[in-house]
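Since the structure comes first, as structure tokens, the remarks are kept for the end.
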Amino acid sequence: MTAAMNVQAVKSIYRFEMSRWFRTVGQSVLSPVISTSLYFIVFGAAIGSLMQDIGGVAYGSFLVPGLVMLMLLTQSVSNASFGIYFPKFTGTIYEILSAPVSFVEIVLGYVGAAATKSVLLGFIIMATATLFVPVEIQHPLWMLTFLVLTALTFSLLGFIIGIWADGFEKLSLVPTLIITPLTFLGGSFYSIEMLPEPWQTLTLFNPVVYLISGFRWSFYGISDVGVGVSLGMTLFFLGLCLAVVARIFATGYRLKS
Amino acid sequence: MPTILSVANLSKTYAPRPPRQAAFEALKNVNLDIQRGEIFALLGPNGAGKTTLISIVCGIVTASSGKVTVDGFDNVTQYREARSRIGLVPQELHTDAFESVWKTISFSRGLWGLPPNPAHIEKVMRDLSLWDKKDNRVMTLSGGMKRRLMIAKALAHEPNILFLDEPTAGVDVELRKDMWNLVRGLRASGVTIILTTHYIQEAEEMADRVGIITKGELILVEQKAALMEKLGSKQLALHLASKLDAIPASLSAYKLSLAAGGTDLVYEYDTKGERTGITALLQDVAAAGIRFKDVETKESSLEEIFVGLLREPRP
């Protein structure tokens, strides 16, 4: 094994991670689907009928991209953080560290699997949404681009959290204290134009705003910020996470003593 | 024999973790060459640095200074080539609880970049008596079976060098013997084996060469046979015809002691010496009127040598 890239290793990690997901498919798929359905029932059907259209889109339909993003972000982070934290917790990480694999291959395997799960889940949630509200996708390719980029970025973030965490409580700390609030306040349930100043300006510092805005534009052609800005910010966060992961492997942070 | 693994000036100091842990120097300038095809036993008390040494060679721990070369490849700059030759069976039983035995072993092979080879995996599993358990979840295995699984994972990727870190710690006699046979079989197929152990008996039984490490220093590396000859002493026990209360003054020049309640007269002599003094002793014993009914000689075990070495004050 002296090839430039250990493709077998990437495949092995990827398959191992996917099989872990399929083993717990009920828990992995059902719980996000059920919670999304609850959002649609409460905000879409019950409260949504009382809400005005936003940018010409019925409130129930307006919610779909935001809810997909909410699930995408939380599931990417939790899948990827658990994926790498668990081998650290059980000690099986010794094998990954002593194998002839580069950090790029380890990341491709773990983050690739976590992002795949999130993208699949995104589709499942979109399919679930169509049962409750009409859904239109004006720019399917852009929708897919935002979906994949966001899944990758937040899976990378999850990977970083999984390496940083030295206990189960830390594993849920960042998703609970940071990701969920940012997503709720990032326009999942409303257009940021509905906010009074200074909140409207302050919200622009929330990176999730750009993800949701770009994603929603790919559905209905309406957005809070320009699509180019959304894409640029998404790529920026992706690059930032990649740089942090590269640094982690270069220094062996929390992996090697 | 050519060298397959070379460790040069290797040191490791673990960074302090205030407030509880101070910096700890786990390895101090260790130099070691392992010959291709040998079984090398690394002996040392707990905390001597055995696992740190292995972990550095395998890439799990970063060295503070020094160099490790595996089959000519630097284990840092050419880590792919170096690591692809090494199989590691760690001391702790780190396993995936929920996967099947088969998948867990196959995963290891893939991780080392090798294409699937079910025939090889099956052979490894059969050699380790794991075949019946191939579809079992790992969590259902007993401790001994998990130990076998760890070995199977390391052998799945066909290593040239196998590290066994305390392979028989806490395993029963039968499994220990199975492992010894397995190790011998692997050596016969050309695999170089480095094992660490607490059990001196294991090193005595298995190893070609022995290294003794204590407090991070490799204090001795020697052929096992030469070590036992060089550092070992021999004892001559005379089983007496009648009990002796004290050693007669005429025999005071000899290093004698009484054992077995005075019915054994034990003479300790140096195997390295030109003269053992046995002939003179036996003549003097006869002259003192002591009669004996049997004679027995006994060599010191590796364990006695080991304990003796560790007791010696280090300069």
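Remarks
- Every listed requirement among (1) at pLDDT 95 or above; (2) within 10 Å of chain A (Cβ to nearest Cβ); (3) over 30 Å from B:D33 (Cα atoms) is met by B:A119 save one, (2).
- Tallying residues that are among the small types (G, A, S) and either in contact with a Cys (Cβ under 6 Å, 6 or more places away or on another chain) or open to solvent by 50 Å² or more (accessible area, probe 1.4 Å) (or both) within region B:67-85 yields 1.
- Members of region B:86-95 that are facing chain A (nearest Cβ under 9 Å) and open to solvent by 30 Å² or more (accessible area, probe 1.4 Å): B:E92, B:L93, B:H94
- Helices (runs of 4 or more DSSP H) wholly inside region B:55-166 containing at least 3 residues that are touching a helix residue (DSSP H, G or I) at 6+ places or on another chain (Cβ under 7 Å) and in the same structural domain as B:Q201 (by TED's automatic domain parsing): B:101-111, B:118-127, B:143-155
- Residue tally, condition open to solvent by less than 10 Å² (accessible area, probe 1.4 Å) and modelled with pLDDT of 90 or more, over region A:126-142: 0
- Counted as qualifying within region A:180-257 are the helices (runs of 4 or more DSSP H) with 1 or more residues that are open to solvent by less than 10 Å² (accessible area, probe 1.4 Å) and of a type in the set (F, W, Y), namely A:207-220.
- Selected residue [open to solvent by less than 30 Å² (accessible area, probe 1.4 Å), small (G, A, S), touching a Lys or Arg at 6+ places or on another chain (Cβ under 9 Å) and modelled with pLDDT of 90 or more] from B:G216, B:G211: B:G216
- Taken over region A:1-27, residues that are of a type outside the set (A, V, I, L, M, F, W, C) and open to solvent by less than 20 Å² (accessible area, probe 1.4 Å) amount to 3.
- Wholly within region A:53-153, helices (runs of 4 or more DSSP H) carrying at least 3 residues that are more than 23 Å from A:A9 (Cβ to Cβ), more than 13 Å from every other protein chain (Cβ to nearest Cβ) and without any contact (Cβ under 8 Å) to a residue 60 or more places away in the chain: A:59-90, A:103-130
The values are calculated or read from the model by the stated rules, or taken from the named source; none is laboratory data. Quick caveat, the model's predicted, so the values are computed rather than measured. Here the Cβ is made from the backbone with ideal geometry for all residues, glycine too, and neighbour counts use every protein chain on show. Each accessible area value is taken on the protein alone, full model and side chains, heavy atoms only, with ligands, DNA and RNA left out. Shrake-Rupley method; radii C 1.70, N 1.55, O 1.52, S 1.80 Å.
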